[in-house]
Amino acid sequence: MLKTVSISFAALAVAGAAFAGSHAQKWDMPMAYAASNFHSEHGVIFADAVREATGGAVDITVHPGGSLFGGADIKRAVQTGQAPIGERLLSAHQNESALFGVDSIPFLATSYEASDKLIKAAEGAISEELANQNLHLLYSCPWPGQGLYFKKAVNSKADTQGVKFRSYNSATARLAELMGMLPVQVEAAELSQALATGVAESFVSSGSTGYDRKVWEQLSHFYEVNAWMPRNYVFVNMQAWDSLDADTQAAVEGAAADTAAKCTAKSSELASWYLEQLAANGMTVQPAGDELRAELEDIGATMTAEWLEAAGDAGTAVIEAYKGM
Ligand code: PCA
């Protein structure tokens, strides 16, 4: 008797799993950055939260490090449904819409608090732009403040002429040009190789990417500038999103909001730790000197004017909303 009961429980469990399985959406999620990076770790935290909140109806598998699609291809892959969900440094696509580059305007939002305000001001317009591209925005998370990496001491633009510079979006390429450097766009996953082969000998990024790519093997100086805090965005293919019922969508949105808060807190917590690791591995880590700083602020003013021009009324509205917060 006892045996019969336990068998029928087992059978029920199998039937239950099969039922959930037949309705479960299995989503592969390409991400561009190292598996150990906090963005990627929060992709996994998000996937776990979604599985839990949807009772397994949405089952996301994270593929970090550009292993499924390279960073440059992730957005298109999700737009076209080759991947149902993905994560991307959206500013890398600011040539499609200047709004995607709102987080890369020099010296506009340089603290976590300011970055939060900026995304609150911009989120509606960015969501709309993404929806026009067949994407549903779920959440975003900021990188720590951006500073400059070199293989020598740099005190001003006089020291940067002709230097080969790795860029990650058109704003960073423009910054390089205005400093007399030669930009080449390289994904973070290929950064170590670009530095090792001399394709690039400097770049702008956070301590996070310098740490992930062990750039102390080639470079010697990091100048803290805190120039801006770009974001990674997680979005879903619109057809995949529309295939979920309203309750499931609400559960996924809840997990997205929780993950955004956790990821932002982790970014903030790690920001100075990353710089300590650069120093511990032999790099000179210090604030940009007065002359370099003043030049960067001038360049920032030029780039802000150029962004406002490119982004038009929609961009001006976002910046005014941000400044009013
Ligand atoms: N790391 C990313 C973007 C900004 C950052 O801090 C990178 O360098 O690709």
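The number of residues in region 90-124 that are under 13 Å from Leu137 (Cα atoms) and either crowded, with 19+ Cβ neighbours inside 10 Å or among the acidic types (Asp, Glu) (or both) comes to 5. Of all residues in region 187-238, those satisfying the criterion of being closer than 30 Å to Gln249 by Cβ, touching a Lys or Arg at 6+ places or on another chain (Cβ under 9 Å) and among the hydrophobic types (A, V, I, L, M, F, W, C) are Val234, Phe235. Scanning region 183-210 for residues that are in a helix (DSSP H, G or I), touching a residue at least 24 places away in the same chain (Cβ under 8 Å) and more than 24 Å from Phe107 (Cβ to Cβ) yields Ala189, Leu191, Ser192, Ala194, Leu195.
Meeting the requirement of 1 or more residues that are within 14 Å of the ligand (Cβ to nearest atom), the strands (runs of 3 or more DSSP E) wholly within region 25-109 are 85-89. Taking region 126-135 as the range and being closer than 23 Å to Gly254 by Cβ and assigned to a helix (DSSP H, G or I) as the test, the residues that pass are Ile126, Ser127, Glu128, Leu130, Ala131. Across region 136-152, the qualifying residues are those that are assigned to a strand (DSSP E or B) and in contact with a Gly (Cβ under 9 Å, 6 or more places away or on another chain), and the one among them that is surrounded by the most Cβ atoms within 10 Å (Cβ to Cβ) is Tyr149. Tallying residues that are under 28 Å from the mean Cα position of the chain (by Cα), among the hydrophobic types (A, V, I, L, M, F, W, C) and away from the ligand (no atom under 16 Å from the Cβ) within region 145-169 yields 2.
Residues in region 276-315 that are within 26 Å of Gln94 (Cβ to Cβ) and of a type in the set (Val, Ile, Thr): Ile299, Thr302, Thr304.
Apart from one condition, Thr172 fits all of (1) farther than 23 Å from Glu291 by Cβ; (2) within 12 Å of the ligand (Cβ to nearest atom); (3) not small (Gly, Ala, Ser); the exception is (1).
Bear in mind these aren't lab numbers, they're just calculated from the coordinates by the rules spelled out. The model shown is predicted, which means the values in this text are computed figures rather than measured ones. Virtual Cβ from ideal backbone geometry, glycine too; neighbours counted across all protein chains shown.
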